[in-house]
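Presented below is the structure to which this report refers.
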Amino acid sequence: MALHYSAVEKIKGGKTVSIDVWVENDLIAKVKLTGDFFMHPEEQINVLERVFEGAKVKFDWIELERKLMMAIQDNDIQLVGVGTGSILSVLRKASSGEPKND
Amino acid sequence: MIEPQGVQWRVIALEENTAFKNMALDEAVSNAVAQNKSPPTLRFYGWNPSAVSIGYFQSLEKEVRLSECEAQGVDVVRRRTGGGAVYHDRDGEITYSIIAPEFMFPKDIIASYKLICGSIIDAFGLLDLTAEFKPINDIILNGKKVSGNAQTRRNGILLQHGTILFGLDVKKMFSVLNVSAEKISDKMIASVEERVTSVKKNSSATKDQLYDALLKGFTADKKWAFGKYSEEELARADELAKTSYSTKEWNSMR
């Protein structure tokens with residue numbers, strides 16, 4: 001059964017980014033990013049979420065940031081009010097916490 | 001703003017629709033403008049019944065007290081734009097949408113917010129109120145938020161919509177947005193009242209006068225005329241309201 005972790009961060013400037021992470025056999029099975037930030041084109045949020053799928057829970061942060069930045073560049077994604085640093089930081093916060101009881 | 005020669009804006013006068021129809025009209029008009037079937041368009045509208053709109057990336061269940069909305073007859077809709085959850089009181093605000101080719105605006109997103117919000121700030125000026133743009137997407141009046149705005153760009157079209165608070169019912173707002181019960185205390189309401197304001201709190205202007213000022217503020221630099229939706233836009237909006245914006249699939253998507 002997948003373990004569910006989550007965390008929220010209020011970014012400087014007022015936007016909030018929240019993450020839900022499901023982990024199975026120490027690998028990330030699914031990620032959901034939510035919040036009041038902006039991103040164009042909006043539908044590409046799924047592309048960013050998929051970057052993390054299959055990654056180990058004990059992440060290689062530099063590699064994940066590189067993958068995230070590549071996904072942003074390859075898909076002409078523009079983040080507004082949130083950056084890759086905030087996304088990774090909230091992911092780190094979630095993964096270092098206790099799993100939730102789903 | 002770059003105004004191509006001969007371009008005349010269509011202004012849709014203040015109207016009331018359901019939340020689903022309002023968001024569907026934004027999309028239908030965006031499609032028509034993208035296909036050169038409709039001119040750049042400025043809409044003014046209200047929400048009947050009162051509604052909550054949530055940003056594209058927000059979680060419905062985290063943001064909205066659905067049972068309370070149902071009990072109070074408040075509709076809930078997910079927007080195509082990012083940003084936060086908004087309670088749209090039927091009597092307490094005016095919403096606008098500006099829909100036009102992207103090339104007419106600065107490429108930089110914040111610069112385009114600033115430009116469009118400038119029209120609202122000019123409107124406040126006409127009511128003798130001094131408002132300021134606060135990046136990314138807010139307008140503040142006497143240090144408090146009075147307008148929130150959200151933008152998307154798709155198929156070469158920029159859509160920005162936003163609300164201008166005329167009155168403010170914090171208690172009602174809190175009853176439909178998902179804040180824990182203890183936060184709906186007098187202390188929390190006082191704290192929101194410290195951060196959010198309305199035209200009513202700062203001026204004796206009526207809602208009609210606010211609308212008139214917004215109309216003037218937005219159209220001052222434009223060639224424009226009042227217009228109506230095309231039959232095609234209306235048909236598409238009805239279809240989108242039914243098959244997308246009022247559906248569980250769309251609204252519970254995240």
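So what is the relative contact order for region B:129-254, in percent, with contacts set as C-alpha pairs under 8 Å and at least six apart? Relative contact order of region B:129-254: 17 percent. Quotient of the Cα radius of gyration of region B:79-190 and 2.2 N^0.38 Å, N being its number of residues: 1.16.
Straight Cα distances below 20 angstrom link A:K15 to the lysines A:K32, A:K93, B:K62, B:K114, B:K134, B:K144, B:K145, B:K183, with same-chain residues fewer than 8 positions distant left out.
As a proxy for reagent exposure, B:K114, B:K21 were ordered by neighbouring Cβ count within 10 angstrom, fewest first; the result is B:K114, B:K21. Counting every other Cβ atom within 10 Å of each residue's Cβ, B:T163, B:T81, B:T219, B:T206 order from fewest to most as B:T206, B:T219, B:T163, B:T81. Amide H contacts of B:L158 (H built 1.01 Å from N, in plane; Pro and chain starts excluded): B:A100, B:E102 sit under 5 Å, all sequence-distant by 5 or more or on other chains.
In whole Å, what is the distance between the alpha-carbon centres of region B:16-46 and region B:76-129? So the two Cα centres are separated by 14 Å. Applying Stokes-Einstein at 37 °C and 0.692 mPa s to the Kirkwood radius of the protein assembly as shown, computed over alpha-carbon pairs, gives a translational diffusion coefficient of 154 µm² s⁻¹. All distinct Cα pairs of chain B go into the 1/r average, and the inverse of that average, the Kirkwood radius, is 18.5 Å.
Taking 0.36 nm per residue of separation and subtracting the current Cα-Cα distance, fully stretching the chain between B:Q5 and B:E132 would add 42.7 nm.
Going out from 0 in 10 Å bins, what whole percent of all Cα-Cα distances in region A:3-95 drops into each bin? Reading upward from the zero bin: 17, 54, 27, 1.
Of all aspartates and glutamates in the structure, the ones whose alpha carbon falls short of 13 Å from that of B:K21, not counting any fewer than 8 places away in one chain, are B:D75, B:E233, B:D238, B:E239. Estimated from helical segments only, the mean residue ellipticity of chain B at 222 nm is -10500 deg cm²/dmol, where each DSSP H run of four or more residues counts as -39500 (n - 2.57).
Counted by neighbouring Cβ atoms within 10 Å, the residues B:E239, B:E68, B:E233 run from fewest to most as B:E239, B:E68, B:E233.
Using a Gaussian network model of chain A in which every pair of alpha carbons under 10 angstrom is joined by a spring, one finds that among A:K12, A:K58, A:K32 the greatest mean-square fluctuation is at A:K12. Proximity of backbone amide H atoms, modeled 1.01 Å from N, is registered between B:E3 and no other residue at under 5 Å, excluding neighbours fewer than 5 places apart on the same chain.
Taking the DSSP beta bridges with both ends in chain B, the antiparallel portion is around 70 percent. For region A:6-17, backbone phi angles converted through the Karplus equation (6.51, -1.76, 1.60; θ = phi - 60°) give residue-by-residue couplings of 8, 7, 10, 9, 8, 7, 4, x, x, 7, 10, 10 Hz, Gly and Pro being listed as x.
For B:A13, the residues 5 or more places off, or on other chains, whose built amide H falls under 5 Å of its own are B:G227.
No value in this document is a laboratory result; all are computed from the given coordinates. Here the structure is a predicted model, which is why all the values come from computation and not from measurement. All Cβ positions, even for glycine, are placed from backbone atoms using ideal geometry, and neighbour counts span all protein chains on display.
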